[in-house]
């Protein structure tokens with residue numbers, strides 16, 4: 001039996017869970033999410049806990065997955081998720097244009113305008129080099145952070161580019177000059 005699938009999901013106060021045969025709808029102070037439940041996996045709510053059960057061992061691979069997706073939804077609508085990015089490089093910066101467009105200067109000949117999905121927010125610090133991506137959907141927050149990092153991945157020689165906060169990079173040694 002799946003160790004992850006066996007764990008109950010605690011439902012915090014202020015979060016409402018509606019269990020349907022094909023999906024689970026979670027509503028909390030930060031928003032509302034609907035998670036599709038794969039065939040063979042069902043959820044039962046007892047007081048302030050949700051448990052995932054599978055029909056047979058044939059659905060074992062989906063048991064832990066479904067439980068994790070619903071647990072992430074419960075955490076997202078109650079506390080939310082965030083990823084932090086740092087922009088490293090001379091003249092590299094980011095700023096918000098309105099609430100939906102992030103303008104990035106990453107050393108190219110042009111500015112990059114990144115349009116944010118509706119449920120994602122980005123905060124830019126005062127130095128214009130630190131971004132905080134927040135939202136209620138864990139997958140979306142991670143995807144937006146990955147897309148921003150992919151615009152200018154860290155260079156292994158100069159370590160310039162967009163990186164996750166706390167990411168450790170291995171700096172390579174450049175060519176040695178002719179002697």
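Just so it is clear, none of the values below were taken in a lab; they were calculated from the coordinates. Quick caveat: nothing in here was measured; it's all calculated off a predicted structure. With ideal geometry, Cβ positions are generated from the backbone for all residues, glycine too; neighbour counts draw on all protein chains shown.
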Rounded to 5, the percent of DSSP beta bridges in the chain classed as antiparallel | 100
Expected sort for 109, 78 with the fewest Cβ neighbours (10 Å cutoff) up front is 109, 78
Top mean-square fluctuation among 153, 29, 61, Gaussian network model of the chain, C-alpha springs under 10 Å?
-> 61
Max mean-square fluctuation residue, GNM over the chain, Cα-Cα springs under 10 Å, options 52, 60, 118 = 118
Comparing 93, 55, 138 in a Gaussian network model of the chain (Cα, 10 Å), the one with the largest mean-square fluctuation is 55
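Expressed as a rounded percentage, what relative contact order does the chain have, with Cα pairs under 8 Å and six or more residues apart? Before the final figure, lay out the partial values.
Numbers: 331 pairs, mean separation 31.9, N = 179.
Dividing the mean separation by the residue count of the chain yields 18 percent.
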Pop a pseudo-label 7 angstrom from the Cα along the beta-carbon direction at both residue 139 and residue 36 and give the gap in nm to one decimal.
-> 0.8
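So if R0 is 22 Å, what FRET efficiency would residue 132 and residue 111 give, r being the distance between their Cβ atoms, rounded to the nearest 0.05? It would help to have the intermediate numbers written out before the result.
Values: r = 21 Å, r/R0 = 0.94.
So, using R0 = 22 Å, E works out to roughly 0.60.
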Full-extension gain in nm, residue 165 to residue 25, via 0.36 nm per residue minus C-alpha separation = 47.2 nm
R0 = 30 Å: FRET efficiency of residue 158 with residue 125, Cβ-based, nearest 0.05?
-> 0.85
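Residue 173 to residue 6: FRET efficiency via 1/(1 + (r/R0)^6), r the Cβ-Cβ distance, R0 45 Å, to the nearest 0.05? Walk me through the intermediate numbers first.
Details: r = 49 Å, r/R0 = 1.09.
The formula returns an efficiency of 0.35 here.
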How far apart, in nm, are two points set 7 Å out from the Cα along the Cα-to-Cβ line at residue 103 and at residue 79?
-> 3.6
Do the sum for the chain: with -39,500 (n - 2.57) for every DSSP H run of n ≥ 4, divided by all residues, what is the mean residue ellipticity at 222 nm, to the nearest 500 deg cm²/dmol?
-> -6500 deg cm²/dmol
Matching label, Cα Rg over 2.2 N^0.38 Å computed from the structure shown, candidates (1) 1.34; (2) 1.06; (3) 1.48 = (1)
